[in-house]
Amino acid sequence: MTRTPTPAQRHAELEEKIARWNEAYHGQDNPEVSDAEYDNARLELVMLERRHPELKQKDGVSSQVGATPNPAFGKVKHRAPMLSLDNVFNEDEFAQFISRIGRFLGLDEAQTDGLKFVAEPKIDGLSISLTYENGTLTVATTRGDGTTGEDVTANVRTISTIPQTLPAPFPELLEIRGEIFMSRAEFLALNQQQEKRGEKPFANPRNAAAGSLRQLDASVTARRPLGLFAYGLGYNTGVTVTTHLEWLEQLKKWGFTVNPLSRAISHASDVPAYVESLAKERPDLDYDIDGIVFKIDVIDLQTRLGFVGRAPRWAIAWKFPAEQAITRLNDIEIQVGRTGALTPVAHLEPINVGGVIVSRATLHNEDEIRRLDVRPGDLVRIQRAGDVIPQVLGVVEDERPDRAEPFHFPDHCPVCHAHAERIGEEAVRRCSGGLTCPAQTVERLIHFVSRKAFDIDGLGERSIRSFYELGLVQRPGDIFRLHEHRERLQKLEGWGPQSVDKLLQAIDDRRTISLPRFIYALGIRRIGERNAQLLARHYQTFSTWHGAMLAAIETGSEERAALSAIMGIGPAIAEEVAAFFAEEHNRDALDDLTPSLTINEETGPVTDDEGSAPLSGQIMVFTGSLTTMSRAEAKAIAERLGAQVTDSVSRRTTLVVLGEKAGSKAQKAHELNIRTLNEAEWRTMAGLPEAS
Ligand code: IVH
């Protein structure tokens with residue numbers, strides 16, 4: 001029997017799911033779900049919060065746009081926020097948008113229809129803000145969470161079509177907004193190169209553009225052909241245009257590329273015809289678009305209309321349906337991932353879906369195959385929604401070949417043959433072989449050297465596979481002992497003295513690593529970049545983290561409670577981390593690896609670095625025994641709120657929480673005239689419910 005979750009449980013589930021999807025989409029440029037599934041979950045969350053406002057959290061996912069910036073890049077606060085657009089999908093919804101504007105401005109029907117718009121293709125890339133000071137490009141940032149973005153200036157400087165300086169006249173300070181994209185042709189060429197180098201191909205041009213722009217090494221961006229369509233204006237000191245069309249003209253004069261399909265629309269009733277004509281052109285364009293943006297042309301009207309929540313009231317995106325095609329399913333391959341998940345991949349007769357050749361698509365999991373009753377040999381309908389891996393939508397049943405047999409999902413790992421099981425309510429079947437399964441081992445090694453982890457130049461997927469097969473690299477520590485095999489390496493096909501030296505140098509260059517990268521590299525389930533960062537900031541040094549994690553293996557331990565209490569971690573993720581450390585293989589692999597490395601301490605603020613965390617600046621001591629939580633949990637909560645927690649009371653201390661039988665520290669706090677709180681007051685300060 002399945003129980004209906006309480007609103008609070010459902011809220012927590014949605015928050016967790018959306019945060020994970022955000023991380024996959026923005027943090028790893030690797031979407032996990034379709035737009036529709038994401039939008040539905042987000043909508044459910046917003047509606048739930050409307051019914052239960054008490055569930056809404058200040059920094060909850062419902063109030064975020066995009067993802068928090070990647071800590072590896074510098075952060076830049078946008079002078080004017082970078083917002084999002086509301087969507088419509090058909091004429092009715094567009095008509096509602098128009099009447100909302102008419103009502104807001106107090107216009108009659110004829111006046112409403114007379115509103116002038118500018119229509120621009122909605123480019124499926126990633127948005128960028130370019131700051132020009134006295135006509136010179138000084139900063140370029142991604143959208144990030146809408147308020148703060150990542151500093152990608154060095155990378156943007158490598159894009160030749162973006163002007164470094166503007167011809168006069170220009171205002172002293174100017175932010176230009178636009179969309180960075182990769183053309184379909186360049187995307188295909190890049191993916192061919194990726195495959196040749198044994199690297200994972202990108203799912204679509206948007207991900208390729210995002211992955212190329214968000215490179216820590218700008219010389220990599222320079223080798224990736226990116227373009228920009230400029231469309232918007234951010235903060236500025238004195239741009240004097242009166243219409244959006246004039247603004248687009250101004251952008252062209254400064255040397256920006258404005259999308260040539262942008263059009264003036266003189267009556268709202270002309271919109272559907274424009275949508276239809278652009279939808280027809282869409283498959284032949286050399287870049288992906290996922291809709292059309294309609295913007296009120298007159299800037300004064302834009303100003304009057306203003307914004308609601310995350311989006312302007314004066315603009316709307318009319319989204320196109322995802323591009324679809326029908327092709328033959330040749331085979332279903334079961335891939336084994338780093339965490340043992342068996343993922344079915346459809347091998348397709350290659351087909352052009354809106355300008356991109358697709359030969360593989362995801363089938364998600366066992367239940368999906370059963371739901372679709374998809375069989376090798378079937379004709380299948382596939383979809384390439386701008387930003388996810390192509391998906392199989394269904395079978396063309398009338399065309400089923402007589403011999404097509406139902407697909408039996410294996411209950412054993414296709415690689416190591418260990419039993420593959422489904423645990424609890426998970427839809428995924430996992431190989432139980434752990435590190436005895438070569439597929440999982442190799443995937444973990446590939447993850448270990450990947451770009452966001454150790455990022456070892458010249459050690460891609462293909463070399464890892466061949467070194468693994470030759471027995472040269474079985475676990476991460478072996479990578480740092482490869483120099484012992486220099487001669488053998490030099491004799492391998494495709495290698496020579498120079499390339500081996502280069503590889504060994506690249507490995508040496510990575511013997512020093514930051515703590516978040518190191519934690520991420522271990523490939524612990526559910527520890528992506530963001531969670532690795534949270535752990536690193538909390539524990540600060542490898543040895544503190546390592547010690548705490550060994551202690552956290554035990555379910556009821558203080559360290560487990562403290563780990564769960566870290567904002568953004570929670571009990572489910574804490575359990576995954578504990579499960580990793582509970583495996584002897586993993587502990588041994590770590591002990592084998594760490595002597596080869598210098599893992600830098602992660603100093604820096606515990607929560608946000610704007611100084612706006614509620615307890616930031618406080619130096620706290622907990623003394624005596626607390627009755628409603630452990631000391632470790634109290635410490636974690638205080639740190640999460642921005643405080644620094646120390647063991648002893650000194651002149652620097654600003655707050656002391658007194659538990660039962662507080663002794664000499666309480667005395668000292670009184671002597672030094674330091675503010676003290678009892679446990680109930682502490683709970684109130686931390687925003688926790690009153691203890692019953
Ligand atoms: S205007 C406040 N115009 O779509 C107005 N956005 O879903 C914000 N986009 O974040 C955007 N083409 O990344 C605008 N011609 C266009 C666009 C465009 C693509 C993207 C942009 C934005 C997202 C909103």
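Report every pair of residues separated by at least 6 positions or lying on different chains whose Cβ atoms are under 7 Å apart, first residue within region 72-91 and within 17 Å of Y132 (Cα to Cα) and in contact (Cβ under 8 Å) with a residue 60 or more places away in the chain, second within 9 Å of the ligand (Cβ to nearest atom) and among the polar types (S, T, N, Q). Every condition considered, the pairs that remain are M82/S127. The number of residues in region 114-125 being surrounded by 15 or more Cβ atoms within 10 Å (Cβ to Cβ) and either more than 16 Å from the ligand (Cβ to nearest atom) or polar (S, T, N, Q) (or both) comes to 2. Quick one: would you say F97 is crowded, with 18+ Cβ neighbours inside 10 Å and within 16 Å of the ligand (Cβ to nearest atom)? Answer is yes for this residue. If you go through region 548-582 and keep only what is part of a loop (DSSP other than H, G, I, E, B) and touching a residue at least 60 places away in the same chain (Cβ under 8 Å), you end up with A565, I566, M567, G568.
To keep it simple, each residue is scored yes or no on (1) at pLDDT below 95; (2) part of a helix (DSSP H, G or I).
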site	(1), (2)
S499	yes, yes
K502	yes, yes
F518	no, yes
I524	yes, no
I527	yes, no
A532	yes, yes
R537	yes, yes
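Total residues in region 84-94 satisfying the condition of being part of a strand (DSSP E or B) and either near the ligand (Cβ under 9 Å from one of its atoms) or not aliphatic (A, V, I, L, M) (or both): the figure is 1.
Residue-wise test of (1) within 16 Å of the ligand (Cβ to nearest atom); (2) under 21 Å from H78 (Cβ atoms); (3) without any contact (Cβ under 8 Å) to a residue 60 or more places away in the chain.
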position	(1), (2), (3)
R224	no, no, yes
Y231	yes, yes, no
T237	no, yes, no
K252	yes, no, yes
N259	yes, no, no
P272	no, no, no
D284	no, no, no
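When the strands (runs of 3 or more DSSP E) confined to region 353-447 are screened for residues that are surrounded by fewer than 20 Cβ atoms within 10 Å (Cβ to Cβ) and charged (D, E, K, R), those reaching at least 1 such residues are found at 356-362, 379-384, 420-422.
In region 312-324 there is at least one residue matching the filter, namely being touching a residue at least 60 places away in the same chain (Cβ under 8 Å), more than 16 Å from the ligand (Cβ to nearest atom) and surrounded by 16 or more Cβ atoms within 10 Å (Cβ to Cβ).
Here K491 clears all of (1) more than 24 Å from L435 (Cβ to Cβ); (2) buried (at least 16 other Cβ atoms within 10 Å of the Cβ) except the condition numbered (2). Kindly indicate whether any position in region 294-309 is farther than 30 Å from E366 by Cβ, at pLDDT below 90, within 13 Å of the ligand (Cβ to nearest atom) and surrounded by 16 or more Cβ atoms within 10 Å (Cβ to Cβ). Within region 294-309, one or more residues are farther than 30 Å from E366 by Cβ, at pLDDT below 90, within 13 Å of the ligand (Cβ to nearest atom) and surrounded by 16 or more Cβ atoms within 10 Å (Cβ to Cβ). Residues in region 583-598 that are out of contact with any strand residue (DSSP E or B) (no Cβ under 9 Å at 6 or more places or on another chain) and assigned to a loop (DSSP other than H, G, I, E, B): E583 only. Those helices (runs of 4 or more DSSP H) of region 629-692 in which 1 or more residues are of a type in the set (S, T, Y) occupy 664-671, 679-685. For the residues I357, I334, the requirement of being touching a Leu at 6+ places or on another chain (Cβ under 6 Å), farther than 17 Å from A119 by Cα and either within 16 Å of the ligand (Cβ to nearest atom) or touching a residue at least 12 places away in the same chain (Cβ under 8 Å) (or both) singles out I334.
A Cβ distance below 6 Å, combined with a sequence gap of six or more or placement on separate chains, defines the contacts here; from region 114-125, residues that are within 14 Å of K295 (Cβ to Cβ) and in contact (Cβ under 8 Å) with a residue 40 or more places away in the chain reach residues that are near the ligand (Cβ under 9 Å from one of its atoms) and assigned to a loop (DSSP other than H, G, I, E, B) in the pairs E120/N259; E120/S262; P121/N259. Residues of region 283-295 that are in contact with a strand residue (DSSP E or B) (Cβ under 6 Å, 6 or more places away or on another chain) and not aromatic (F, W, Y): I289, D290, G291, I292, V293, K295. Among the residues of region 312-331, is any within 19 Å of R384 (Cβ to Cβ), of a type in the set (D, E, K, R) and modelled with pLDDT of 95 or more? Scanning region 312-331 turns up at least one residue that is within 19 Å of R384 (Cβ to Cβ), of a type in the set (D, E, K, R) and modelled with pLDDT of 95 or more. Summed over region 131-163, residues that are small (G, A, S) and within 16 Å of the ligand (Cβ to nearest atom) total 4.
The values are calculated or read from the model by the stated rules, or taken from the named source; none is laboratory data. From a predicted model like this one, the values you see are computed outputs, not experimental measurements. Cβ: placed from backbone, ideal geometry, glycine included. Neighbour counts: every protein chain shown.
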